[in-house]
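Chemist: Structure provided below as structure tokens; questions to follow.
Here, each number is a calculation from the coordinates, and none is a lab measurement. Everything numeric in this text was worked out from a predicted model, so none of it was measured. Ideal geometry is used to build each Cβ from the backbone, glycine not excepted, and the neighbour counts take in all protein chains shown.
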Amino acid sequence: KAGVTQTPRYLIKTRGQQVTLSCSPISGHRSVSWYQQTPGQGLQFLFEYFSETQRNKGNFPGRFSGRQFSNSRSEMNVSTLELGDSALYLCASSLEQGARGYEQYFGPGTRLTVT
Amino acid sequence: AQSVTQLGSHVSVSEGALVLLRCNYSSSVPPYLFWYVQYPNQGLQLLLKYTSAATLVKGINGFEAEFKKSETSFHLTKPSAHMSDAAEYFCAVSSPNDYKLSFGAGTTVTVRA
């Protein structure tokens, strides 16, 4: 079974631009979560979607948004990019809603660099 | 709210020696606990999880962890380190009705030949 895929793997953007990242979960998984990983802040939860509904959101500004499609694929968007948005963005999928007692399977991440 | 604290941002061990990575959690409800490993330029891979069954949990690659409620700990061990164990390790916590993982700061393991 194919793992979680994320596209693109690497991205370079300029301050003020916007960016869209894509995530395809493992087949059959209906929950998709997004995390931001930086050297300074570590791994931080962005949001979680289940059946096209956002079930939980982390403490990030409104510039960060996401959505989930009927096939469980998910996208996240960051508008008006800032230098501090440079990070590895990780997507994770699971069979049930969020983490709870079930494993989250992570993709390889999208490395975003904002210049 | 749940949180985890990983003691030691960096651990160096000799090949064949015991690997011990420490994790303490804080949770107002019975937690679910996880250990993940991250190799350079890769995502996170689940090593093992605790979900209120056996307190001693065995995972992949020879790792195991013991849940100790009295000490609010979930330390990760491996009896004999291998060069391939060099990576960053993250402890994470979740709980019922919580749709996210809260991660520790991570511990980088280096293995000396």
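Chemist: Tally the residues that are more than 12 Å from chain A (Cβ to nearest Cβ), assigned to a strand (DSSP E or B) and not aliphatic (A, V, I, L, M), restricting the search to the range B:54-88.
Modeler: Filtering the range B:54-88 down to residues more than 12 Å from chain A (Cβ to nearest Cβ) leaves B:54-58, B:61-87.
Now restrict to residues that are assigned to a strand (DSSP E or B): B:56-58, B:64-68, B:73-78, B:87.
Add one more test, that the residue is not aliphatic (A, V, I, L, M), and what stays is B:58, B:64, B:66-68, B:73-75, B:77-78.
The qualifying residues number 10.
Chemist: Within the range A:94-111, is there a residue that is within 8 Å of chain B (Cβ to nearest Cβ) and hydroxyl-bearing (S, T, Y)?
Modeler: Yes; the residues of the range A:94-111 include at least one that is within 8 Å of chain B (Cβ to nearest Cβ) and hydroxyl-bearing (S, T, Y).
Chemist: Given the conditions (1) of a type in the set (S, T, N, Q); (2) more than 10 Å from chain A (Cβ to nearest Cβ); (3) assigned to a strand (DSSP E or B), report the number of the one that B:S28 does not fulfil.
Modeler: It fails just one condition, (3).
Chemist: Separate question: A:N77 - would you say it is exposed (fewer than 13 other Cβ atoms within 10 Å of the Cβ) and either closer than 14 Å to B:L101 by Cβ or more than 10 Å from every other protein chain (Cβ to nearest Cβ) (or both)? So that I can check it myself, show each step before the final result.
Modeler: Details: exposed (fewer than 13 other Cβ atoms within 10 Å of the Cβ): no; either closer than 14 Å to B:L101 by Cβ or more than 10 Å from every other protein chain (Cβ to nearest Cβ) (or both): yes.
Criteria not met by A:N77.
Chemist: Against the definition (loosely packed, with under 15 Cβ neighbours inside 10 Å and either at negative phi or aromatic (F, W, Y) (or both)), how does A:Q37 come out, yes or no?
Modeler: Numbers: loosely packed, with under 15 Cβ neighbours inside 10 Å: no; either at negative phi or aromatic (F, W, Y) (or both): yes.
Judged against the criteria, A:Q37 is not a match.
Chemist: For residues that are over 15 Å from the mean Cα position of the chain (by Cα) and outside any loop (DSSP other than H, G, I, E, B), tally how many sit in the range B:89-113.
Modeler: The initial filter retains those residues of the range B:89-113 that are over 15 Å from the mean Cα position of the chain (by Cα), namely B:95-100, B:110-113.
Now restrict to residues that are outside any loop (DSSP other than H, G, I, E, B): B:110-112.
So the answer is 3.
Chemist: Suppose we filter B:S70, B:S9, B:S52 for residues that are more than 11 Å from the chain's Cα centre (by Cα) and in contact (Cβ under 8 Å) with a residue 40 or more places away in the chain; which single one remains?
Modeler: Working: B:S70 fails: in contact (Cβ under 8 Å) with a residue 40 or more places away in the chain; B:S52 fails: in contact (Cβ under 8 Å) with a residue 40 or more places away in the chain.
So the residue among B:S70, B:S9, B:S52 that is more than 11 Å from the chain's Cα centre (by Cα) and in contact (Cβ under 8 Å) with a residue 40 or more places away in the chain is B:S9.
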